[in-house]
Every structure is written in structure tokens, then in C-alpha cells.
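Here's the structure, in C-alpha cells; my notes come after.
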Amino acid sequence: MNKKLMAVAVAAALAAPAAALAQITVKGRFVAEYGFASQADVSDTVSRDSADGFNSPASWLRFAAEEKLGGGNSIWAQCENRARWGNDTNPTQGSGGFCDRNSALGIKGSYGNFYIGRWDTAIENNSGLTRITGSTGWDGRQHMLTEDQSGFISFAQRVQNSINYNSPTFGGGFAVDLSTTSTGAALNTAGSNTGLDGRIYSILGKYASGPLVAYVGYEKHEDNQTVAAGGGAGADGLSEDMITAGVSYVFGPIKVGIVYTSFEGDISASEKLERDSWQVAAEWSVTPAGKVRVAYTEAGEYEGSGAVTKTGFSGDTGAKQYSLGYYHSLSKQTTVGIYYTKVDNDTNGVYNFHSFNDNVKPGDSASAVVLHAAHNF
């Protein structure tokens, strides 16, 4: 009898950790892209007329847990990590160490979802609602829409010390996302700089019902240090603002999406930089498993009192990016594809492929053919 009781006790002890582990879910997304790029006209000794490169954009591994409290309430936690094995030029704000992507502790119920941690701002978290294209990768459009390729201003923010709220969906499909930060170095304020609030405010309202999705958002970086300034004289107490809007609609097998962004930011105590950008894209389901995707993005010229003194050029600072590709679902989890993309700079434009930035020289254009594979689990 004692042996039987001991066996039961041992079995129960061994089962207890397994039961606890069963509460944790593991998910991930692995992306691999291999591209072949060529530049139209190389006349210097630095740029290359052709190059190939590999990257793993937006690949991640996520651990999540949720505990039901009753009454429709839950406590939840998430730890998401980058899973990179190739070049990945995602923004580095808040990166490094374990849980370096969207990671937080929260409580949710009929009143919505409150959470704190390291997370995309409300605008960044919803930037793909109508974009259709990706944010990073060879064909990523983040650098033309929510950040600045020349490195002065960025609204592609995943910040530490974030405080977030997602409202429930109200009648008709409306919802609101809010995020802010503590004053603890919300962006990349250097430790030697003191007295800055360093706070971010981000709000986005969205509507989704049937074939229609639409949103409008606003974000402000207040009394901070600009991402590009990197410290130094005149880098303290600056502010940046951006508004964005998007809409998409599904017409049978075709989805069309539009994105518009407009930002301005202080780059010194007396200078300001401004830029408007927009994109139109479409995705056509030619078969149940195959989709054709086409996109056009235009980053407008830099304007404002600091456009000349800070960047070193005036006028013709915009760029365009085109793409056409085919994507095929091998299963619900796995997609492969091939696409063509081209970056075309204006005379003084300095844009590049988002995840392969050593081939397009200022004022030039370059194209790439890219093989794509993605697996979700």
C-alpha cells in the first residue's frame, strides 16, 4: 500500500510542472528572403553595380500565458523575441536581451485591454492594417512611411516603459488604441542628458466591418531627443509629430489599400524638418492558394527650415518604390513567393531597400528580384 501511495505521489509531483507548462503557448514566425540587386549607374568607387543578400525580416518567437479570473477577466503575459539569422534592420529602440519585441503584462475584460511593458506604439502596432506590403524586408515600406531613411526622425517605435490600452469593439466595428510612456528614456535619450520628459503619446481610431477597414492616428514625441540626433549640442528637448490615415476595401478577389503619413520634427532648437508620404497597393487572389501583389510608395521631399542645413541638399529629396510579386500558400502555415522591387531616388534622394542598405547610392535607382519564404507555427 505504501509503495502504491508513493507511486501516486511521485506521479502527481511529476505531473504538476507539466500542468503548469500546459498554460504557456509558444508561437513563432520565421521569414527568409534572398535577393539579387542591381544598381542602374555606378560611377564611384564605393557603390557596387550588383549584389546579393539574405535577411530574415520580422522573424520572432513568442511565449504567452493567460489566467482566467472569472467574470470575463483575464491576466495575461507575453514575452516575444527576435529570431534573426540574416540581416534585419528593424528599429533598435528597446531592443537587446530577452523579450526584446512586444512583451508585456496585462489585464483584459469587457472594458478592454490594459498592459505595460515593451510594445509598439498605437500607430506602429496598427501600421499594417491597410498597407498590404510588409514593413521590413527587401520590399519593406516602413522607411518611406513611418520613418526617415536619412536617419533624422522615426515613428516606427517599439518603446520600453510603455503604458497601453485597447478599447473593446463598439457597435458597428469601431475601436480605439492608446499608448504612452513613462518619462524613463522613452526614446534613446542619452544617460548624460537630464531634465527631459521624454514622453510619447500615440492614439489611433479604427473601423473594421465587412470588406472595409479604415483608421486615423496621431503620435507625439514630446520634450525628447530625436532618434537621429544621438546626443550632442542642440539635441535636447525636441518634439516630433505625425498623423497617419489608411483605408482598404475588398472587391471580390481584389483588396486595395491606401496609406498616408505626414510628420514634422525639430532637428535643432531653430530648425524643423517635414515630409509627406503615401502608398497604394493591391492584392489579387488569382487562385485559392495564390496571390499577386502590386504596390507603389512615394516619399515626398523634405521641407522645412532645416531641410538644407541638416541634410546638405535642397529640393528633389523624394523617392519612389515599386513592386510586383506572386505569393503561394503551401499550407495554412507556410507561404513562398517571388517578387520584383525597385527603389527610384530623386536627384538628391537617399532611400534604399529596407533590409539591404549598401547598394543604392543617393540620387540613383536600383532593382531587386527576391525569393521569399515564411512559416508560422
Review point. What number of residues in region 119-130 are assigned to a helix (DSSP H, G or I) and surrounded by 22 or more Cβ atoms within 10 Å (Cβ to Cβ)?
Key: 3
Point to revise | For THR133: the one exception among (1) among the β-branched types (Val, Ile, Thr); (2) crowded, with 24+ Cβ neighbours inside 10 Å; (3) not in a loop (DSSP other than H, G, I, E, B) | key: (3)
Exercise for review: Specify which of the listed residues (ARG62, ARG101) is among the charged types (D, E, K, R), part of a loop (DSSP other than H, G, I, E, B) and either touching a Lys or Arg at 6+ places or on another chain (Cβ under 8 Å) or at pLDDT 55 or above (or both).
Suggested key: ARG101
Check your understanding: Quick one: THR287 ticks every box in (1) modelled with pLDDT of 95 or more; (2) closer than 22 Å to ALA156 by Cα bar one, so which box is it?
Key -> (2)
Revision key, fill the gap. All conditions in (1) at pLDDT 95 or above; (2) buried (at least 18 other Cβ atoms within 10 Å of the Cβ); (3) aromatic (Phe, Trp, Tyr) are true of TYR302 except (1)
Review point. Restricting attention to region 355-374, which residues are surrounded by 24 or more Cβ atoms within 10 Å (Cβ to Cβ) and at pLDDT 80 or above?
Key: ALA366, ALA368, VAL370
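How about region 266-282: which of its residues are within 20 Å of the chain's Cα centre (by Cα) and buried (at least 18 other Cβ atoms within 10 Å of the Cβ)?
We begin by selecting, within region 266-282, every residue within 20 Å of the chain's Cα centre (by Cα); these are 275-282.
Matches in region 266-282: ARG275, SER277, TRP278, GLN279, ALA281.
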Exercise for review: Name the one entry in ASP344, ASP316 that is part of a strand (DSSP E or B), surrounded by fewer than 19 Cβ atoms within 10 Å (Cβ to Cβ) and at pLDDT below 95.
Suggested key: ASP344
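The values are calculated or read from the model by the stated rules, or taken from the named source; none is laboratory data. From a predicted model like this one, the values you see are computed outputs, not experimental measurements. Every residue, glycine as well, gets a Cβ built from its backbone with ideal geometry; the counts of neighbours run over all protein chains shown.
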